[in-house]
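The next block holds one structure in the form of structure tokens; read it before the comments.
The values are calculated or read from the model by the stated rules, or taken from the named source; none is laboratory data. Because the structure is predicted, anything quoted here is derived from the model rather than measured. Every residue, glycine among them, receives a Cβ derived from its backbone with ideal geometry; neighbour counts consider all protein chains shown.
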């Protein structure tokens, strides 16, 4: 899936003052987010992203794609941001973690298909390794030590789409 105009994204990102910046302390960490499940949902391509460059660069990026970019102040934050010196050149490292289409009636983001995101091997079921990998990837501990067992209703060692209780879209999306 690719980011299209009007789609929403959630990201892993790190922001530093770039080494070329005439303002601020080069290399200084400004902000990072490694938990896309709690992060800001950002609409791309409609001049609504908080960083002007994101509207330009993220269009057509793919799920999981990573990019590093130097952002001069002219295409940086639209509004003053705490911790970012005015006129600073910034260095962004970004990974697209979730892409969501906009609901045609409301314009709000459609819930992501978490089941599909977690099914890293494309097998249409989730094993214990995939569950642990997902929580490691978002930097969280399992919410419950019995999570897998609780979801695996038929005790076959896999969580099927029907057994999964999280956001999952429709079965034909798999």
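Per the listing 99, 67, 94, the residue uniquely assigned to a strand (DSSP E or B), touching a residue at least 24 places away in the same chain (Cβ under 8 Å), touching a helix residue (DSSP H, G or I) at 6+ places or on another chain (Cβ under 7 Å) and closer than 30 Å to residue 46 by Cα is 67.
Does residue 88 qualify as being assigned by TED's automatic domain parsing to the domain that holds residue 42 and either over 23 Å from residue 29 (Cα atoms) or at pLDDT below 90 (or both)? In short, no.
With respect to the stated conditions, residue 157 is out of contact with any strand residue (DSSP E or B) (no Cβ under 7 Å at 6 or more places or on another chain), in contact (Cβ under 8 Å) with a residue 12 or more places away in the chain, farther than 26 Å from residue 42 by Cα and not assigned by TED's automatic domain parsing to the domain that holds residue 59.
Among the residues making up the stretch 114-125, a single one is assigned to a loop (DSSP other than H, G, I, E, B), under 19 Å from the mean Cα position of the chain (by Cα) and surrounded by fewer than 19 Cβ atoms within 10 Å (Cβ to Cβ): 120. Going by the conditions given, is residue 34 touching a residue at least 12 places away in the same chain (Cβ under 8 Å) and in contact with a helix residue (DSSP H, G or I) (Cβ under 6 Å, 6 or more places away or on another chain)? Against the criterion (touching a residue at least 12 places away in the same chain (Cβ under 8 Å) and in contact with a helix residue (DSSP H, G or I) (Cβ under 6 Å, 6 or more places away or on another chain)), residue 34 does not qualify.
Of the residues making up the stretch 44-56, not a single one is under 27 Å from residue 133 (Cα atoms), touching a residue at least 12 places away in the same chain (Cβ under 8 Å) and not assigned by TED's automatic domain parsing to the domain that holds residue 164.
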